[in-house]
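Since the structure comes first, as structure tokens, the remarks are kept for the end.
The values are calculated or read from the model by the stated rules, or taken from the named source; none is laboratory data. As the structure is a computational prediction, the values presented were derived from the model and not from experiment. Cβ coordinates were reconstructed from backbone atoms using ideal geometry, including for glycine residues, and neighbour counts include every protein chain displayed.
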Amino acid sequence: MRAVLTGNKYVTAFTLGMQSSMEYRLQFFIGLFNLVFPIGLQCLIWTAVYASQDHQSLYGYDYGQMMLYTVLAGIVAKLVMTHLEHTIAEDIKSGGLNTYLVRPVSYFGYRLSAYMGSRVVSDTILIIVMSVVIGIAMAFHIGEMSLNRVAVAIITLVLASAVQFLLTYTICALAFTLQEISYFFVITTLIVQILSGGMVPLEVFGEAANQWFNLLPFKYTIYFPVNVLNGRLAMNEAFQGMLIQLVWFVLLIGASRMAWKLGLKRYVGIGG
Amino acid sequence: MKMRSLGYYFKLYGVFVKNCVAASMEYRFNFWMGIGVEIAFLCAKALYILIVYQTNLHIGELTPDHILLFIGTYTMMTGLYMGLFYVNFVRISQYVQGGTLDLLITKPVSLQFLVSLRYIDIGLPIPNILAGAIMVGVGWHRAQLPLNWNLLGYIGFIGIALMITYCLMLLPALLSFRYVQTGAVTEMAHSIWDANNMPLDIFPMWLQRIGVYVIPVFLISNYGPKFVMGMLNLWDILWALLVPVILFILVRKCWSLAVRKYSSAGS
């Protein structure tokens with residue numbers, strides 16, 4: 001079994017991904033520490049907002065729930081956002097993709113394995129941090145948390161990561177067509193983060209906008225898992241959302257395959 | 001080496017600006033995409049304005065209109081930072097890793113000037129400066145603040161903020177001389193920069209003191225509006241005048257130290 005695993009090219013890609021993520025350890029840990037700043041700033045803003053209000057609740061969240069949402073959304077955003085766009089686009093632009101096309105290896109499989117490997121250490125740390133936050137929230141009775149809910153939330157998080165990976169992979173196919181794509185990725189990353197509830201809860205945008213958000217996959221990557229976790233969504237809503245995540249997962253598999261098939265027809269491998 | 005006059009450097013900077021304008025006209029797609037990126041970031045900032053007005057946020061004596069003045073100043077400063085400095089600071093690690101710095105060292109001008117001010121992006125600051133100026137104008141008008149010599153003072157504080165921005169944001173970039181990867185430190189500096197998105201009054205007192213006296217990042221977009229509102233005392237104004245001088249001396253020392261440690265790595 002071990003021999004099969006060590007000889008498997010995707011296991012090797014996974015291991016390489018894990019090793020390269022730890023290559024610059026100081027950079028890695030500072031990157032994780034950076035999570036504190038945007039979350040801290042948003043918590044302070046919400047604290048000021050609630051302090052200046054007579055109401056207990058804003059956008060349907062009381063102060064504790066809003067703090068919990070802000071912290072969990074920051075961690076979940078870090079967990080699910082792939083930031084793979086530039087790497088894949090660079091492979092397409094510089095001809096690095098050739099290396100994979102001429103070998104008996106699936107580029108998708110390679111990238112997925114390497115990506116999963118690169119996330120092992122950081123995601124483990126993030127999950128530990130998230131567990132501490134959940135523990136504190138449970139101790140102070142913030143939100144409606146239970147172990148069953150945490151179990152469901154784990155499944156929604158796995159599905160959210162899969163949907164986000166496929167979204168990124170599909171968007172990356174645009175690199176086959178567009179000359180200068182790096183700016184485009186900055187825009188899409190930011191838009192995805194806003195529409196997925198990574199910056200503020202989606203209720204801030206009002207009911208009409210939320211009707212539209214329901215039709216898009218973005219809210220199922222951050223907003224949905226966070227609200228499953230903090231207990232704002234009932235269990236039946238959680239299962240309904242998981243079903244929608246699955247539908248998006250299937251749709252995005254089809255969309256990414258089609259986009260890459262079309263892209264590879266246009267691809268001219270220069271360099272590499 | 002002979003010291004060049006300040007006039008010479010102004011003239012040289014004018015040539016840099018001219019070259020960069022010509023280059024941005026040549027690559028128009030990049031120019032428009034740069035504007036697109038900044039508009040996307042503006043949308044993110046607009047979320048905070050939405051929350052401020054939707055919740056009628058009051059921070060101490062500050063009304064939502066006052067807060068708009070702060071957010072507008074921060075937006076303008078972000079545009080100036082992106083357009084004048086950021087495009088240079090991100091290149092420093094490339095200069096060091098690729099060995100381009102070897103060539104730049106041989107030029108008969110100040111190396112720090114050449115490396116940190118050579119490029120200007122015309123597209124990046126346009127949306128931020130425009131939107132920021134509109135926010136400041138609207139906030140100023142709605143808060144019924146007097147439009148007299150206050151405006152000159154405000155512009156003066158923007159100048160001070162620009163100098164502080166240059167010094168504070170160049171310091172993390174200098175780590176490129178020592179470390180290969182400095183992306184996370186730059187990201188941290190940008191996160192700290194974003195603390196200016198709201199008036200410093202939302203922070204606890206100990207953090208305010210750090211942001212004013214230790215890492216004086218809060219001076220960038222808080223002191224201009226606070227001056228206009230008459231919320232600065234004489235000591236605050238003196239401190240604001242002193243900080244750019246102290247920081248510039250510090251940056252010069254750090255720059256010299258970094259260059260002394262530099263050993264060519266590339267071609």
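For segment B:15-38, taking the residues that are closer than 20 Å to B:Gly132 by Cβ and at the interface with chain A (Cβ under 7 Å from one of its Cβ atoms), the one that is surrounded by the fewest Cβ atoms within 10 Å (Cβ to Cβ) is identified as B:Gly36. Residue count for segment A:199-257, restricted to those that are acidic (Asp, Glu), away from every other protein chain (no Cβ under 14 Å) and in contact (Cβ under 8 Å) with a residue 40 or more places away in the chain: 0.
Assess whether A:Ala137 counts as being in contact with a Ser or Thr (Cβ under 6 Å, 6 or more places away or on another chain), surrounded by 17 or more Cβ atoms within 10 Å (Cβ to Cβ) and more than 30 Å from A:Gly95 (Cβ to Cβ). So A:Ala137 fails the test. Of all residues in segment A:15-63, those that are surrounded by 18 or more Cβ atoms within 10 Å (Cβ to Cβ), more than 10 Å from chain B (Cβ to nearest Cβ) and among the aromatic types (Phe, Trp, Tyr) total 1.
Within this structure, A:Lys261 passes the test of being exposed (fewer than 13 other Cβ atoms within 10 Å of the Cβ) and either part of a helix (DSSP H, G or I) or in contact (Cβ under 8 Å) with a residue 24 or more places away in the chain (or both). Scanning segment A:67-103 for residues that are in contact (Cβ under 8 Å) with a residue 40 or more places away in the chain, more than 20 Å from A:Ile127 (Cα to Cα) and more than 14 Å from the chain's Cα centre (by Cα) gives A:His86, A:Ile88, A:Ala89, A:Ile92, A:Lys93, A:Ser94, A:Gly95, A:Gly96, A:Leu97, A:Asn98, A:Thr99, A:Leu101.
Among residues of segment B:135-155 that are surrounded by 10 or more Cβ atoms within 10 Å (Cβ to Cβ), those with a Cβ under 6 angstrom from a residue that is in a helix (DSSP H, G or I) and charged (D, E, K, R), sequence gap 6+ or separate chain, pair up as B:Gly139/B:Asp65; B:Arg142/B:Asp65; B:Ala143/B:Asp65. Being farther than 25 Å from A:Asp91 by Cβ, more than 17 Å from the chain's Cα centre (by Cα) and at pLDDT 95 or above: is that true of A:Leu243 here? The answer is yes for A:Leu243. Let me spell it out: the conditions are (1) assigned to a helix (DSSP H, G or I); (2) crowded, with 16+ Cβ neighbours inside 10 Å; (3) touching a helix residue (DSSP H, G or I) at 6+ places or on another chain (Cβ under 7 Å); (4) at pLDDT 90 or above, and B:Leu12 meets all of them except one. Which number is the exception? Here B:Leu12 clears every test but (3).
In the condition set (1) surrounded by fewer than 21 Cβ atoms within 10 Å (Cβ to Cβ); (2) farther than 25 Å from A:Val150 by Cβ, A:Val192 is compliant with all but (1).
Residues in segment B:39-61 that are closer than 18 Å to B:Asp194 by Cα, more than 8 Å from chain A (Cβ to nearest Cβ) and in contact (Cβ under 8 Å) with a residue 60 or more places away in the chain: B:Ile39, B:Leu42, B:Lys45, B:Ile49. Regarding B:Ala173, is this residue in contact (Cβ under 8 Å) with a residue 40 or more places away in the chain, over 25 Å from B:Ile49 (Cβ atoms) and more than 13 Å from chain A (Cβ to nearest Cβ)? Answer is yes for this residue.
Output the residues belonging to segment B:59-96 that are charged (D, E, K, R) and either part of a helix (DSSP H, G or I) or within 14 Å of the chain's Cα centre (by Cα) (or both).
Within segment B:59-96, B:Asp65, B:Arg91 qualify.
Among helices (runs of 4 or more DSSP H) entirely within segment B:187-267, having at least 3 residues that are within 13 Å of chain A (Cβ to nearest Cβ) and closer than 19 Å to A:Ile45 by Cα singles out B:205-209.
More than 14 Å from every other protein chain (Cβ to nearest Cβ), hydroxyl-bearing (Ser, Thr, Tyr) and in a helix (DSSP H, G or I): which single residue out of A:Thr170, A:Thr188 fits that description?
A:Thr170
Return a yes/no flag: does segment A:4-14 have any residue that is more than 19 Å from A:Phe165 (Cβ to Cβ), crowded, with 20+ Cβ neighbours inside 10 Å and more than 9 Å from chain B (Cβ to nearest Cβ). No, segment A:4-14 contains no residue that is more than 19 Å from A:Phe165 (Cβ to Cβ), crowded, with 20+ Cβ neighbours inside 10 Å and more than 9 Å from chain B (Cβ to nearest Cβ).
Checking each residue in segment B:157-202 for being within 18 Å of B:Thr75 (Cβ to Cβ) and of a type in the set (Asp, Glu) picks out only B:Asp194.
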